[in-house]
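The values are calculated or read from the model by the stated rules, or taken from the named source; none is laboratory data. All values reported here derive from a predicted model rather than from experimental measurement. Cβ coordinates were reconstructed from backbone atoms using ideal geometry, including for glycine residues, and neighbour counts include every protein chain displayed.
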Amino acid sequence: MALDNPLLEWLGVRLVAWQPDSCTFALDIEPRHLNRQRSLHGGLIATMLDAACGYSGAYSEPGAPKRHAVTVMLNTSYIGKVDQGRIEVTGRLTGSGRKIYFASAELRRDSGELIATAQGSFKRATIS
């Protein structure tokens, strides 16, 4: 599956699954993803949570026009830390109106341990 997202591609994030109301991304942690304490950088964690939430409400069927959204609010909770291995983040649509939708996401290490969560609101956008 193509991401069509230059930042996520540059970071090495891969799209694992994308369907109506949910999205999953994966990342194999590399030294470039770590902070000064040698654990996964919080900004990268927030980026992946944001992307999973955003994509969960922006799915479109193959061949249909692409749907886009912008983040209105994202609340992130850091629960654990990780410094190696593979992580996955899954976002799920939790509610939707005409212009705004709500989503949550969980980021877990490959063992299943919860590292971070997020909840946010997103506005559907038209990109020309």
Scanning for something assigned to a helix (DSSP H, G or I) and either within 14 Å of residue 86 (Cβ to Cβ) or at pLDDT 95 or above (or both), does the stretch 11-26 turn up at least one residue?
yes
Those residues of the stretch 58-80 which are at pLDDT 95 or above and not hydrophobic (A, V, I, L, M, F, W, C) amount to 71, 75, 76, 77, 78, 80
Tally of residues being hydrophobic (A, V, I, L, M, F, W, C), in a loop (DSSP other than H, G, I, E, B) and farther than 20 Å from residue 110 by Cα across the stretch 38-81
2
Any chance you could count how many residues in the stretch 41-77 are β-branched (Val, Ile, Thr) and crowded, with 16+ Cβ neighbours inside 10 Å?
3
In the stretch 82-94, residue farthest from residue 40 (Cα to Cα) [restricted to those that are assigned to a loop (DSSP other than H, G, I, E, B) and in contact with a strand residue (DSSP E or B) (Cβ under 8 Å, 6 or more places away or on another chain)]:
85
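Tally up the residues in the stretch 1-40 that are in contact with a Cys (Cβ under 9 Å, 6 or more places away or on another chain) and either loosely packed, with under 15 Cβ neighbours inside 10 Å or free of Cβ contacts under 8 Å to residues at least 60 places away in the same chain (or both), please.
So the answer is 3.
In contact (Cβ under 8 Å) with a residue 60 or more places away in the chain and small (Gly, Ala, Ser): does that describe residue 95?
Values: in contact (Cβ under 8 Å) with a residue 60 or more places away in the chain: no; small (Gly, Ala, Ser): yes.
No: the conditions fail for residue 95.
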